[in-house]
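Undergrad: Sharing a structure, written as structure tokens. Questions coming.
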Amino acid sequence: MRNYHGIIFAYQTTPELRELVSARSAASLPFCGRYRLIDFPLSSLRNAGILDCGVIMQRNYQSLLDHLGSGKSWDMSRATGGLRMLPPFGLPEYHTGNYIGTIEALNAVSTYIRDIPQKHVVLMLGSMVANIDLDAAIRKHEAGDADITAICGVNTPMGQHHRFIVGPDGYVRRIDLYRRNDGEGLPGLEAYIIHKDTLLQLMDRCEAMNLYAFHKDALNLFLSAGGKMDVYVHQGYANAIRTVEEFYRANKDMLDPALRREVFPAERPVRTKIHEYVSTYYGESAVARHSLIADNCRIEGEVEDCVVFSGVRIAKGAKVKDSIIMRGSDVGENSQLSYVIADKETGFSNGTVLTGSEKLPLVVPKGTKI
């Protein structure tokens, strides 16, 4: 085990995800037929030999608890250390509303962070689809003399992001906040390797000054005081899920074999909660084109350009295209669904016709019967 401790931010409600997060956090969103978004940062930590990790939560975390359990699927079920779930430790000031920023979320669990035995902390976003080689990032961090290493990507993400401007010496000289397009610098993936003492100093300083944001406040304070921040560039696929469109697009991206290999490389497996299911049944009239279909489904209609989770039934004569159908949903005979995100255990009666668009997919909330 390395002298590093993981912290995953899984408290975000992200209202732009609308009905998808009415009863869950963004980190527990189902993805790509069998995974949850939090599987990606947890697996990145595990693949780098980091087996102690705290997951910061605030509300709507029951589905997250059900999925993570003791952490056994990620080899983090341990008598000492391992996976720890971090609600706000019963502090009343952190139950009055959503966290204003990441620094406030960190200070809500400050007693846990102060007790971390490791010297370094890896901070990661719980709703980021990226298989980051943290082993390489840590080697880069240890080869330099920076207190913080920011993990960045190569491609500009769909939504809002921060860009890190690197000087001739290879260190960050400024951060361009809240960008939505290309520009100077590298897009940040909201993942950092940071010395524990440096993190605590920033937390304490921000608390004393009533500051709450990690990037706008803490990192700018660090840079303005002459702190050194290095960068590690992740070369593969990366997408932070903050809107319905980003969730839809990221799932559809996994239909591309090249992008799928970037997210699921054999040398860095993505671990998830194990379910034992029977194989999917395809009827005589079934048609499945360019789709990802999980186990335990019953496909008798047509499926094209879709991501279909386990336990889904698509009846004879139904046509489902450009859609994401989550676990346990039932599409009746002669129904037609296009650009639809059907949450878990939804039902569509015979002859139902629903059509969204690529920019505005139609979301059907969990358990809805139409």
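The values are calculated or read from the model by the stated rules, or taken from the named source; none is laboratory data. Predicted model only: the values in this text are computed from it and were never measured. Neighbour counts run over all protein chains shown; Cβ positions are idealised from the backbone, glycine included. Protein only, heavy atoms only, side chains kept; ligands, DNA and RNA dropped before computing areas. Shrake-Rupley method; radii C 1.70, N 1.55, O 1.52, S 1.80 Å.
Undergrad: How many of the residues in the range 339-358 are in a loop (DSSP other than H, G, I, E, B) and out of contact with any Phe, Trp or Tyr (no Cβ under 9 Å at 6 or more places or on another chain)?
TA: Number satisfying all stated conditions: 7.
Undergrad: When residue 299 is evaluated against the numbered criteria (1) open to solvent by 40 Å² or more (accessible area, probe 1.4 Å); (2) more than 20 Å from the chain's Cα centre (by Cα), which criterion, by number, is the only one it fails?
TA: (1)
Undergrad: Give the range 340-370 a look and list any residue that's open to solvent by 40 Å² or more (accessible area, probe 1.4 Å) and in contact (Cβ under 8 Å) with a residue 40 or more places away in the chain, or say none.
TA: Passing the criteria: 358, 359, 360, 365, 366.
Undergrad: A further question follows. Looking at the range 329-338, which of its residues are part of a loop (DSSP other than H, G, I, E, B) and surrounded by fewer than 20 Cβ atoms within 10 Å (Cβ to Cβ)?
TA: Step one: filter the range 329-338 for residues part of a loop (DSSP other than H, G, I, E, B), giving 329, 332-335.
Hits for the range 329-338 are 332, 333, 334.
Undergrad: Still on this structure: Filter the range 179-209 down to the residues that are in a strand (DSSP E or B) and of a type in the set (Asp, Glu) and list them by number.
TA: The answer is 190, and nothing else.
Undergrad: Do we find that residue 271 is part of a helix (DSSP H, G or I), open to solvent by 60 Å² or more (accessible area, probe 1.4 Å) and on the phi < 0 side of the Ramachandran plot in this structure?
TA: Values: part of a helix (DSSP H, G or I): no; open to solvent by 60 Å² or more (accessible area, probe 1.4 Å): yes; on the phi < 0 side of the Ramachandran plot: yes.
No; evaluated as a whole, the condition is false for this residue.
Undergrad: Name the single residue, out of those in the range 314-328 being within 21 Å of residue 20 (Cα to Cα) and out of contact with any Phe, Trp or Tyr (no Cβ under 6 Å at 6 or more places or on another chain), that is surrounded by the most Cβ atoms within 10 Å (Cβ to Cβ).
TA: 325
Undergrad: Can you go through 341, 325 and tell me which one is modelled with pLDDT of 95 or more, within 22 Å of the chain's Cα centre (by Cα), farther than 28 Å from residue 132 by Cβ and of a type in the set (A, V, I, L, M, F, W, C)?
TA: 325
Undergrad: I've got another one for you. Looking at the structure I just gave you, is residue 207 on the phi < 0 side of the Ramachandran plot and among the acidic types (Asp, Glu)?
TA: Values: on the phi < 0 side of the Ramachandran plot: yes; among the acidic types (Asp, Glu): yes.
Against the criterion (on the phi < 0 side of the Ramachandran plot and among the acidic types (Asp, Glu)), residue 207 qualifies.
Undergrad: All but one of (1) buried (at least 17 other Cβ atoms within 10 Å of the Cβ); (2) under 23 Å from residue 161 (Cβ atoms); (3) over 21 Å from the mean Cα position of the chain (by Cα) hold for residue 201, so report the exception by its number.
TA: Failed condition: (2).
Undergrad: Of the conditions (1) over 19 Å from the mean Cα position of the chain (by Cα); (2) open to solvent by 30 Å² or more (accessible area, probe 1.4 Å), residue 113 clears all except one; give me its number.
TA: Failed condition: (2).
Undergrad: Here's a check for you: in the range 221-250, which residue that is among the β-branched types (Val, Ile, Thr) and under 16 Å from residue 165 (Cα atoms) is surrounded by the most Cβ atoms within 10 Å (Cβ to Cβ)?
TA: My answer is 231.
Undergrad: Continuing with this model, one more query. Can you run down the residue pairs with Cβ atoms below 6 Å, 6 or more apart or on separate chains, where the first is in the range 160-178 and part of a strand (DSSP E or B) and the partner is hydrophobic (A, V, I, L, M, F, W, C) and open to solvent by 30 Å² or more (accessible area, probe 1.4 Å)?
TA: 162/177; 164/186; 172/166
Undergrad: With 52, 66 as the choices, which residue is under 14 Å from residue 84 (Cβ atoms) and either open to solvent by 10 Å² or more (accessible area, probe 1.4 Å) or acidic (Asp, Glu) (or both)? Working first, answer last.
TA: Values: 66 fails: under 14 Å from residue 84 (Cβ atoms).
The match here is 52.
Undergrad: Given the conditions (1) open to solvent by 70 Å² or more (accessible area, probe 1.4 Å); (2) touching a Leu at 6+ places or on another chain (Cβ under 7 Å), and given that residue 143 satisfies all but one, which numbered condition is not satisfied?
TA: (2)
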